[in-house]
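Everything on this sheet refers to the single structure shown next.
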Amino acid sequence: NAEKSRPDLVVVGSRGMNDLPGYLLGSISRTVLTHGPCSVLTVKQPPPDVPVSVLLALDGSKPSKFAATRVKEWLSPEEVTLQLVSVVPDILTDVSTMLTKTRLKTLVAPLRQHAQECLDQYRELFLKEGFQVTGKRLQGNPREQILESIPACHAQLVVMGSKGLTGLERFNMGSVSEWVSA
């Protein structure tokens, strides 16, 4: 139905069925999130009073930039505070025992720099729009770091891009947005 009406946003409720029965039964919100033709807002509890604390996860990808643009367009600076996070993934942990600390640091440095530049760019953008915004660069597993950041910044809304991975690619790499939304 959403494909025919072409909405900008689909809003679905979630019962939080992220355990084995939820996986076996299937989740409507997960299916819409994964296969929806547009942005999807998954609601787990009643909306809070304003101001809303929003966690915006950024990685510099096209979907991440799209998510940041939507936050700027759809949310009012007077009603939200933004916490930006960018996670430097521990992609080199398997080979870290074979590398010297100096070599490992050299390999990870561009990832850290990219994450910091992304945070700085969007922090400035949101500050110019009048938002209250802070940013934090994290390191580790992106889905774990984002999930840990939610209670740490008292986020009532999490916004992130979805790269739309499907099939084998999604199975191998996993979907951070799907994991966080579950």
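The values are calculated or read from the model by the stated rules, or taken from the named source; none is laboratory data. Given the structure is predicted, the values throughout are model-derived calculations rather than measurements. All Cβ positions, even for glycine, are placed from backbone atoms using ideal geometry, and neighbour counts span all protein chains on display. Only protein heavy atoms, including side chains, enter the accessible area calculation; ligands, DNA and RNA are left aside. Shrake-Rupley method; radii C 1.70, N 1.55, O 1.52, S 1.80 Å.
Listing for the model above:
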read-out: Some residue of segment 77-93 being under 18 Å from the mean Cα position of the chain (by Cα), acidic (Asp, Glu) and assigned to a helix (DSSP H, G or I); value: no
read-out: Every pair of residues 6+ apart whose Cβ atoms lie under 9 Å, when the first sits in segment 139-158 and is at positive phi and in contact (Cβ under 8 Å) with a residue 12 or more places away in the chain while the second is of a type in the set (A, V, I, L, M, F, W, C) and crowded, with 19+ Cβ neighbours inside 10 Å; value: 140/87; 140/88
read-out: Among (1) outside any loop (DSSP other than H, G, I, E, B); (2) open to solvent by 40 Å² or more (accessible area, probe 1.4 Å); (3) modelled with pLDDT of 80 or more; (4) not hydroxyl-bearing (Ser, Thr, Tyr) - the single one residue 68 does not satisfy; value: (2)
read-out: Selected residue (only one of 180, 85 is at pLDDT 90 or above, closer than 21 Å to residue 62 by Cα and of a type in the set (Val, Ile, Thr)); value: 85
read-out: Selection within segment 135-146 - surrounded by fewer than 17 Cβ atoms within 10 Å (Cβ to Cβ) and either polar (S, T, N, Q) or not in a strand (DSSP E or B) (or both); value: 139, 140, 144
read-out: Given (1) in contact with a strand residue (DSSP E or B) (Cβ under 9 Å, 6 or more places away or on another chain); (2) open to solvent by less than 40 Å² (accessible area, probe 1.4 Å), index of the condition residue 127 fails; value: (2)
read-out: Test: residue in segment 44-62 that is open to solvent by less than 50 Å² (accessible area, probe 1.4 Å), of a type in the set (Gly, Ala, Ser), modelled with pLDDT under 90 and assigned to a helix (DSSP H, G or I); value: no
